[in-house]
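Chemist: Can you read through this structure? Questions will come right after.
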Amino acid sequence: MIPADTRLLRVPRRVGDRSTRRVGFVLACGVVALAVVMAIGAPLLAPFDPLAVNLRLINAAPGTDGHLLGTDASGRDILSRLMHGAQTSLLGPLIAVLVASGLGIALGALAAWQGGWTDQVISRVIEFLFSFPGLLAAVFTVALFGPGFLAPAIGIAIAYAPAIARLTRTVILQERDKLYVKAELALGFRGIRVLTRSVMPNALPIVLSLSVLSFGYALIDLAALSYLGLGVQAPQPDWGVMLNESTSSMLQGAWWVMAAPAIVIILVVVSVNIIGEALLARRQEVLR
């Protein structure tokens, strides 16, 4: 789950020169772009039907009969399932982050701009929501609406919104005290106009950096829920479902069945974190 405070936004100590960081950023963008292409182009690019069972090729090693990454315990092509699984594995975190960002930015901006009792009430609500870990909130929504694709994503969004709301509130409070805001208000511009046209454009880049970083955490949480059987349900392809189904294959020595989805999840999460940290570092350089 995303940390409750904003320490996540502290950019780690720089290692290497600027060109090395640029190469890392480009590679990370390439990994994320490849994952998106896999998700969008799965129906056309996947070499096999992801649901087709072949009992003659159970846990087949990579390269067997055209199965580049091998097959699972039901003889289904792992590469095809990875490609089709990218659809739910990426769309779920995207929905969670979009909902969390929209809710968090709205609450944080309202609390910071209105102040007074509005700020007090929203701040207490945010603190209350912080007491619910992301997975617990997702499990609660699953208990209410049943397992599947959408319910866990909404639960994760509710759990992630407070961190985004708190950061939004902090950034807008800092902007509100600057001279350009006081000048516009003194000239008679309406508060909502100053907030939306002047303050938010300066605050959003920092807040959206947290949203990008949240995507990786949401991907891990939703994959964990699918692994536990609370998210996307088998036999629908999903990276978390594939990890769950690979347990029996691992016991038989077919390590590649688990390695494929695990490596993909790690690569995507690390790449998203690199992109988010790079965007934040760039924003901090601009503000200096």
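Chemist: Fewest Cβ neighbours within 10 Å first, please rank Thr141, Thr247 accordingly. Walk me through the numbers on the way to the answer.
Modeler: Working: Thr141 21, Thr247 12.
Ranking Thr141, Thr247 by Cβ neighbours within 10 Å, fewest first, gives Thr247, Thr141.
Chemist: Let me know the shape class of region 153-201, please: from the alpha-carbon gyration tensor, a ≥ b ≥ c as square roots of the eigenvalues, rounded when a/c is under 1.5, otherwise prolate if a/b is greater than b/c, or oblate. Could you put the intermediate results ahead of the total?
Modeler: Numbers: a/c = 4.71, a/b = 2.60, b/c = 1.81.
Because a/c hits 1.5 or more and a/b exceeds b/c, region 153-201 counts as prolate.
Chemist: Got the relative contact order for the chain handy, in percent, Cα pairs under 8 Å and 6 or more residues apart? Intermediate values should be presented prior to the final figure.
Modeler: Details: 442 pairs, mean separation 73.4, N = 288.
Relative CO of the chain lands at 25 percent.
Chemist: Another question about this same structure. If R0 is 30 Å, what FRET efficiency do you get for Ser19 and Met250 from their C-beta distance, rounded to 0.05?
Modeler: On the way: r = 40 Å, r/R0 = 1.35.
My answer for the efficiency is 0.15.
Chemist: Going by how many other Cβ atoms sit within 10 Å of their own, how do Glu184, Glu245, Glu127 line up, fewest first?
Modeler: Details: Glu184 17, Glu245 22, Glu127 12.
With the fewest neighbours first, Glu184, Glu245, Glu127 line up as Glu127, Glu184, Glu245.
Chemist: Okay, next question. What is the fewest-to-most order of Leu173, Leu208, Leu27 by other Cβ atoms lying within 10 Å of their Cβ?
Modeler: Least to most surrounded, the residues fall as Leu27, Leu173, Leu208.
Chemist: Could you point to the residue in Ile220, Val181, Ile263 farthest towards the positive end of the chain's charge dipole, with +1 and -1 charges on the Cβ of Lys/Arg and Asp/Glu respectively?
Modeler: The residue sitting most towards the positive pole is Val181.
Chemist: If you don't mind, there's one more thing I want to ask. Would you mind computing, in nm to one decimal, how far apart the modelled labels at Ile40 and Val125 are, each placed 7 Å from Cα along Cα→Cβ?
Modeler: Result: 3.6 nm between the two label points.
Chemist: Multiply the residue gap between Ala33 and Lys178 by 0.36 nm, knock off their C-alpha separation, and tell me the result in nm, one decimal place.
Modeler: Values: separation 145, 0.36 × 145 = 52.20 nm, distance 3.85 nm.
My answer for the length gained is 48.3 nm.
Chemist: Where in the chain are the helices, taken as whole DSSP H runs, whose Cα atoms extend 15 angstrom or more along the long axis and whose Kyte-Doolittle mean reaches at least 1.0?
Modeler: Those that clear 15 Å and a mean of 1.0 are 18-45, 78-114, 134-145, 200-227, 256-287.
Chemist: Among 153-162, 63-72, how do they line up from the highest to the lowest mean number of other beta-carbon atoms within 10 Å? Intermediate values should be presented prior to the final figure.
Modeler: Details: 153-162: 26.0, 63-72: 17.5.
Output ranking for 153-162, 63-72: 153-162, 63-72.
Computed from the coordinates by the stated procedures, all read-outs in this text should not be read as laboratory data. If you're wondering where the values come from, they're calculated on a predicted model, not measured in any experiment. Here Cβ is always computed from backbone atoms with ideal geometry, including for glycine, and neighbour counts include all displayed protein chains.
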